[in-house]
Amino acid sequence: MPIIRTVSGLRHFLHRFSSDQSDVSGPSSTLIGQVGLVPTMGALHAGHLSLIQRARQENKCVIVSIFVNPLQFGDHEDLADYPQSWAQDQASCQEQGVDAIFAPSAETLLAHTPLTQVVPPVELTARLCGPHRPKHFTGVATIVLKLLNIVQPDRAYFGQKDAQQLAIIQRLVQDLNLEVTVVPCQLIREATGLALSSRNQYLTAQEVRQATILHHSLQAAQHTFHAGECDRNSILTTVAQTLAKEPQVKVEYIDLVDPTTLQPLEQITTQGLVALAAHVGSARLIDNMMLDARLPILAIDGPAGAGKSTVTRRCAQALGLQYLDTGAMYRAVAWLALEQQVEVSDTFAIAELVEQCNIELKPHPDPQQPPQVWVNQQEVTQAIRTSEVTAQVSAVAAQPPVREALVKQQQRLGRQGGIIAEGRDICTHVFPDAGLKIFLTASIQERARRRQQDLQDQNLPAQSKSELEGLIANRDQQDSQREFAPLRKAYDAVEINTDGMTIEQVIDQITTLYRQRFPAHP
Ligand code: AMP
């Protein structure tokens, strides 16, 4: 595993990697990204390793950057003493199958002074750590942007541990139109609940024990929230009262904010982030917890013909979740193209059109009926089901800009929670943070048998079993090798093989899993 110190060395490495890829013949990979980047300041612990593992599962090439960024330290902070464990970090990266470590020197990344810097919007830095670390987030945003420009990854991994940093980077990527997917990764804790941090090394054994109160205070807030208290005062008072039990812990701030805008929240209606910072001994520690009032998302993918759409509709009814009919959304775009007389083959015009196509799905008053579909404030529930639309929809859906725009709209609709959705890459790409992911599958033989039965039931011309098996195997191969939205099982999806199961048994298994995982919900 090479250790790369210079920008040109890194570019050369990536260039060689991509030309090696284009030489490879045979089936293309089913991973989501080509290059995944995990930016760190070294002194790697299990929190960092969880990001690296996720990147390893999702990308062909994983780069870990190790750079202790002087720009993000204040004058009286711990830059000179920041923990380092270079040999151990190399061994850990090697063990995790990292392709290269990018460890530039400060001279390499900060060649010019003064440097061009990226200043995040003041709304995102005016609270939480911002006022206590005045230049910190400008330093972080500047170096992260440099790393993203140098590595040009498809996916970059950041921990929820640094929730304010994560929100700022997500905003940076949007505001500067960067072509990278930011992947938020779960906060990893010690068995005691203490959030893993390189700075925990500064703590004595006694201080470690004292510091566990940070997590306990957040757990207390969670209990308060689960008991039905959603307002700022109750939640923050609970945290403060718990922290007061450990006088050696000097609280810097406690706040309740919206996790995306970082604006203070008076009431949690969807999601709230409780965040705090405190000094314990010589260490400044941060911690946070997401409080979620939304119903979880249930996402179902898997190969064609495994029964996804029937199962999804029936589970929506059984669990009282809103069915996100992604197929209807593609139909809506096809309808708009017809309406505005845009040729499907005119891919630029279609790309522009989809940007101006605002789709709403509203539950039908009769829960047995599919949701009502609205495009730019016009109801089109029936209009999108005509044969003209049916004839256009696959050609429209195959266009990458249409997929990209609709994935964004699906994610926007998903923000309210409480939805169920199916689609080829719904777990891996559209809702990677869904509360429950199901990979619904069945053997080729079983799917051929079901298809044969369907043909018979609909009085359509019969096809032999071996012919159908060949078609299905082909379709599986095509679907898993698509450049856009390949079929792939998410690493944390529950696989259900429906061979020999009835629809009722499948629905029963999924609804049971959902209720076990979310006992507080219906
Ligand atoms: P750092 O080395 O502290 O700059 O952290 C590098 C990345 O690891 C950041 O995206 C952090 O949010 C993430 N990280 C640090 N600690 C944890 C943790 N305990 N759990 C999850 N991610 C973490």
**OP:** Please determine, by comparing only the residues of segment 195-227 that are assigned to a helix (DSSP H, G or I), small (G, A, S) and within 14 Å of the ligand (Cβ to nearest atom), which one is nearest to A278 (Cα to Cα).
**Re:** A211
Subject >> Single condition N177 does not satisfy, out of (1) of a type outside the set (S, T, Y); (2) in a loop (DSSP other than H, G, I, E, B); (3) within 12 Å of the ligand (Cβ to nearest atom) >> reply: (3)
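Please find, within segment 50-65, the residue that is farthest from Y491 (Cα to Cα) out of those that are part of a helix (DSSP H, G or I) and basic (K, R).
Result: R56.
Does Q164 count as polar (S, T, N, Q), within 9 Å of the ligand (Cβ to nearest atom) and modelled with pLDDT of 95 or more?
Working: polar (S, T, N, Q): yes; within 9 Å of the ligand (Cβ to nearest atom): no; modelled with pLDDT of 95 or more: yes.
In short, no.
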Original post:
Given F13, F67, which one is farther than 24 Å from E190 by Cβ, at pLDDT 95 or above and either touching a helix residue (DSSP H, G or I) at 6+ places or on another chain (Cβ under 7 Å) or within 13 Å of the ligand (Cβ to nearest atom) (or both)?
Top reply: F67
Original post:
Out of (1) at pLDDT 95 or above; (2) outside any helix (DSSP H, G or I); (3) more than 16 Å from the ligand (Cβ to nearest atom), what's the single condition that is false for Q94?
Top reply: (2)
Subject >> Index of the failed condition, I188 passing every other in (1) farther than 30 Å from T116 by Cα; (2) over 21 Å from the mean Cα position of the chain (by Cα) >> reply: (2)
Original post:
In segment 389-414, how many residues are under 18 Å from C427 (Cα atoms) and either without any contact (Cβ under 8 Å) to a residue 60 or more places away in the chain or hydrophobic (A, V, I, L, M, F, W, C) (or both)?
Top reply: 8
Original post:
Filter segment 40-49 for residues that are within 6 Å of the ligand (Cβ to nearest atom) and not aliphatic (A, V, I, L, M); which is farthest from L147 (Cα to Cα)?
Top reply: G47
Original post:
Only one residue in V183, V140, V144 is touching a residue at least 12 places away in the same chain (Cβ under 8 Å), in contact with a Lys or Arg (Cβ under 8 Å, 6 or more places away or on another chain) and either within 10 Å of the ligand (Cβ to nearest atom) or not in a helix (DSSP H, G or I) (or both). Which one?
Top reply: V183
**OP:** Determine the pairs where a residue that is surrounded by fewer than 13 Cβ atoms within 10 Å (Cβ to Cβ), located within segment 502-522, has a partner that is of a type in the set (K, R) with Cβ atoms under 9 Å apart, the partner being 6 or more residues away or on another chain.
**Re:** I503/R314; E504/R314; P522/R515
Original post:
If you go through segment 347-388 one residue at a time, how many are over 23 Å from T312 (Cα atoms), in contact (Cβ under 8 Å) with a residue 24 or more places away in the chain and buried (at least 19 other Cβ atoms within 10 Å of the Cβ)?
Top reply: 4
**OP:** For residues that are polar (S, T, N, Q) and assigned to a helix (DSSP H, G or I), scanning just segment 313-332, find the one that is nearest to the chain's Cα centre (by Cα).
**Re:** T326
**OP:** Please work out if T116 is polar (S, T, N, Q) and assigned to a helix (DSSP H, G or I).
**Re:** no
Subject >> Index of the failed condition, F67 passing every other in (1) touching a residue at least 60 places away in the same chain (Cβ under 8 Å); (2) on the phi > 0 side of the Ramachandran plot >> reply: (2)
Subject >> Residue that is surrounded by the fewest Cβ atoms within 10 Å (Cβ to Cβ), among those in segment 391-404 that are of a type in the set (A, V, I, L, M, F, W, C) and closer than 19 Å to P486 by Cβ >> reply: A398
Original post:
Can you spot a residue in segment 152-161 that is within 16 Å of the ligand (Cβ to nearest atom), surrounded by fewer than 22 Cβ atoms within 10 Å (Cβ to Cβ) and farther than 20 Å from S50 by Cβ?
Top reply: no
**OP:** Would you mind listing the strands (runs of 3 or more DSSP E) fully within segment 246-292 where at least 2 residues are within 18 Å of the chain's Cα centre (by Cα) and at pLDDT 95 or above?
**Re:** 271-280, 283-292
Original post:
Any idea which of W335, W374 is of a type in the set (F, W, Y) and part of a strand (DSSP E or B)?
Top reply: W374
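Can A111 be described as more than 16 Å from the ligand (Cβ to nearest atom) and either closer than 24 Å to L10 by Cβ or modelled with pLDDT under 95 (or both)?
In short, yes.
The values are calculated or read from the model by the stated rules, or taken from the named source; none is laboratory data. Small disclaimer: the values here were computed from a predicted structure and weren't measured. Every residue, glycine as well, gets a Cβ built from its backbone with ideal geometry; the counts of neighbours run over all protein chains shown.
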